[in-house]
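Have a look at the structure below before the remarks.
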Amino acid sequence: MGNTNTIFRNKNFMLLWIGHSISVLGNRFYSIALMWYIIERTGSSLALGISVLCFTLPSILLMPFAGVIADGNRKKQILIVTDLINGALMLLIAILVSMEHVPLILLYGSMITASSMTAFFNPVMSATVPLISGKDHLMKANSLTQMTTQLTNILGPALAGVMIALTDMWLLFFLNGLSFIISAIVEVFLMIPNVYIGKTKQNFRTQFKEGLIHVLGTRKLLYLVIVGGVVINFFLAPLYVYITVICNQILEVGSKGMGIVDASIAIGALCGSIFILAKFISNNIKIVILGLSIEGIALLTAGLYMNYTAMIIFALILGFGISLASVGISTLFQTIVPDNKRGRVSSLTGTLASCTIPLGTLYGSYIINHISISVVLIFSGVAVTLAGLTLIIPFADLVLKKKRIVTEEINQLS
């Protein structure tokens, strides 16, 4: 377990990571192709707005219920079934698109179904990774997953754009369906350890209440949820509104310029994942605080220097910080929460974070019509940095514990 490459020799984790990576790339094809198909067919921004609602609302509504199920010992079955359902659905859409006969209501239905499957898949994924990677390699496991996500964010839109231009649209839906089927086949070979769930069978309400009590009763966890899931999400939610307004109305660099800024965020996040894998910092809470502070500095940079070069630098720094904060928060969360409550707690915190995002987006969209966007970015940067630094208070013992371990090791060597 001491070897830094142990995670790569962990058959279970590698199977989960490979399967998930394939389906994530396929899903990027699907989301881009679907949006493009809807706008080409309808020309309606309202139709796009409804599609975004279909993507998000079912997941928010179902997550608490899905979290209770995720804490059981049928994680493997849930992973396989959700991937198979999504795969079959995408293949059906591919056939209908190739025949040029897809009712819009069916596309909305596919988005609702896919979002529902995601609501079940994500808590199970969150609960499974610590069980198969081991807590000693949890940070590396999370950073590998984060790295895959950022690579798909960079490659997905580019590949999808080329395929939309050179091939038929149905092929993108077909590839997404195929990616889910392959992921399900890979997951068949997973071996996920069981967790102790007690001998007495509890109803949904009781199990849900247990998860809520655990969140409210664990000081570190509650603070992490408030800072990482509510405050930070609120201030970062309108980020793409800000970037769109700056690139379109202030800097006037067009869609190509905005695309480069988007890609720079993904590149910065990829660098952050590599930074974590290289273990320059191994303390979870330090990584979280550093990541959130970097996010704040990036927002300050964008507010103080309103030019395109500064925007690229801002995007790279922001992506780096987001990656560090995201992996650090995920790892801390998975470490703090017991194995048999991780699904419920994950779904509760995920629901809370998901509800914060539209509120933050509405706030950002409204406030920039009344206050200079530079001032808004500076204020957001200060708020994010201070929020990140406050984590030192509840997690001070973890930082000091790490220092004591290092001091003891140095004393032993001397």
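The values are calculated or read from the model by the stated rules, or taken from the named source; none is laboratory data. Please read these numbers as outputs of a predicted model, since none were measured by experiment. In this analysis, Cβ positions are derived from the backbone assuming ideal geometry, glycine residues included, and neighbour counts consider all displayed protein chains.
Descriptive notes on the structure:
- Some residue of segment 301-308 being of a type outside the set (Lys, Arg), crowded, with 23+ Cβ neighbours inside 10 Å and closer than 22 Å to residue 154 by Cβ: yes
- Residue 267 being surrounded by fewer than 24 Cβ atoms within 10 Å (Cβ to Cβ) and within 26 Å of residue 392 (Cα to Cα): no
- Residue 333 meets all of the listed conditions (1) modelled with pLDDT under 90; (2) surrounded by fewer than 23 Cβ atoms within 10 Å (Cβ to Cβ) but one, namely (2).
- Failed item in (1) within 20 Å of the chain's Cα centre (by Cα); (2) within 21 Å of residue 388 (Cβ to Cβ); (3) touching a residue at least 40 places away in the same chain (Cβ under 8 Å), with residue 274 passing the rest: (2)
- Within segment 72-101, being hydrophobic (A, V, I, L, M, F, W, C) and buried (at least 20 other Cβ atoms within 10 Å of the Cβ) holds for 78, 79, 89, 90, 93, 94, 97.
Results for (1) in the same structural domain as residue 160 (by TED's automatic domain parsing); (2) among the β-branched types (Val, Ile, Thr); (3) not in a helix (DSSP H, G or I), shown as yes or no for each residue.
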| residue | (1), (2), (3) |
| --- | --- |
| 41 | yes, no, no |
| 50 | yes, yes, no |
| 82 | yes, yes, no |
| 102 | yes, yes, yes |
| 111 | yes, no, no |
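- Within segment 311-363, restricting attention to residues that are polar (S, T, N, Q) and more than 24 Å from residue 115 (Cβ to Cβ), the residue that is nearest to the chain's Cα centre (by Cα) is 323.
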